[in-house]
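Peer 1: Next up is a structure, given as structure tokens.
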């Protein structure tokens, strides 16, 4: 599976903070046999985020596009809005399961606004900004991600009995 990772951080985009979440996700995904085909760091600017997500999906750069950061309730946390602006279909269950599993670790999980959706043939998932949180949330939903990507890309096989 081809994966692109977009880190959202004002400080990271200015070189004032080292991105740890993108590399943590890339390492975990590589262990799962995925190929990380693109990475980028952008400031928390809705227009820029939406443009990058749309570009990656529209040019078929990745089967799975992950964002890390900007999913909380701070004024600059606008990743879900940028994602909502570009997805064609929302998959609420992914964000719901990530929040549910994260609540087992931290009460602040209920403040996450992370979402997931489909643009063209790419699955886009918002993850938290911390390396630990990003990997934990991806692990929480990973079991069905390969199946979801297959379906998004047109797999016609019956789903019954696969899980």
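Peer 1: For the range 144-160, indicate whether the set of residues that are within 20 Å of residue 24 (Cα to Cα), surrounded by fewer than 20 Cβ atoms within 10 Å (Cβ to Cβ) and modelled with pLDDT of 95 or more is non-empty.
Peer 2: Checked against the condition, which is being within 20 Å of residue 24 (Cα to Cα), surrounded by fewer than 20 Cβ atoms within 10 Å (Cβ to Cβ) and modelled with pLDDT of 95 or more, the range 144-160 yields at least one hit.
Peer 1: While we're here: Within the range 117-143, count every residue that is out of contact with any helix residue (DSSP H, G or I) (no Cβ under 9 Å at 6 or more places or on another chain) and surrounded by 15 or more Cβ atoms within 10 Å (Cβ to Cβ).
Peer 2: Total meeting the criteria: 0.
Peer 1: A follow-up question, please. Taking residue 38 as the residue in question, decide whether it is touching a strand residue (DSSP E or B) at 6+ places or on another chain (Cβ under 8 Å), buried (at least 17 other Cβ atoms within 10 Å of the Cβ), closer than 25 Å to residue 151 by Cα and touching a residue at least 12 places away in the same chain (Cβ under 8 Å).
Peer 2: The answer is no for residue 38.
Peer 1: Can you spot a residue in the range 8-31 that is over 14 Å from the mean Cα position of the chain (by Cα), buried (at least 18 other Cβ atoms within 10 Å of the Cβ), more than 14 Å from residue 127 (Cβ to Cβ) and in contact (Cβ under 8 Å) with a residue 24 or more places away in the chain?
Peer 2: Within the range 8-31, one or more residues are over 14 Å from the mean Cα position of the chain (by Cα), buried (at least 18 other Cβ atoms within 10 Å of the Cβ), more than 14 Å from residue 127 (Cβ to Cβ) and in contact (Cβ under 8 Å) with a residue 24 or more places away in the chain.
Peer 1: Out of everything in the range 52-62 that is in contact with a strand residue (DSSP E or B) (Cβ under 8 Å, 6 or more places away or on another chain) and in a helix (DSSP H, G or I), what residue ends up being surrounded by the most Cβ atoms within 10 Å (Cβ to Cβ)?
Peer 2: 53
Peer 1: Let me ask another. How many residues, within the range 68-84, are in a helix (DSSP H, G or I), touching a helix residue (DSSP H, G or I) at 6+ places or on another chain (Cβ under 6 Å) and surrounded by 15 or more Cβ atoms within 10 Å (Cβ to Cβ)?
Peer 2: Of the residues in the range 68-84, 1 are in a helix (DSSP H, G or I), touching a helix residue (DSSP H, G or I) at 6+ places or on another chain (Cβ under 6 Å) and surrounded by 15 or more Cβ atoms within 10 Å (Cβ to Cβ).
Peer 1: Moving to a separate point now. Go through 49, 65 for me and flag whichever is in contact with a helix residue (DSSP H, G or I) (Cβ under 9 Å, 6 or more places away or on another chain) and not in a helix (DSSP H, G or I).
Peer 2: After ruling out the rest, the residue left standing is 65.
Peer 1: Give 104, 96, 88 a once-over and let me know the one that is touching a strand residue (DSSP E or B) at 6+ places or on another chain (Cβ under 6 Å), surrounded by fewer than 21 Cβ atoms within 10 Å (Cβ to Cβ) and without any contact (Cβ under 8 Å) to a residue 40 or more places away in the chain.
Peer 2: Just one listed residue meets the conditions, 88.
Peer 1: Please identify the pairs in which a residue from the range 135-150 that is touching a residue at least 40 places away in the same chain (Cβ under 8 Å) has its Cβ atom under 6 Å from the Cβ atom of a residue that is assigned to a helix (DSSP H, G or I) and surrounded by fewer than 20 Cβ atoms within 10 Å (Cβ to Cβ), counting only partners at least 6 apart or on another chain.
Peer 2: These pairs meet every condition: 135/24; 135/28; 140/97; 140/101; 141/97.
The values are calculated or read from the model by the stated rules, or taken from the named source; none is laboratory data. Bear in mind that the values here come from a model prediction, so they are computed numbers and not experimental data. A quick note on method: Cβ atoms are made from the backbone with ideal geometry, for glycine too, and the neighbour counts reach across all protein chains shown.
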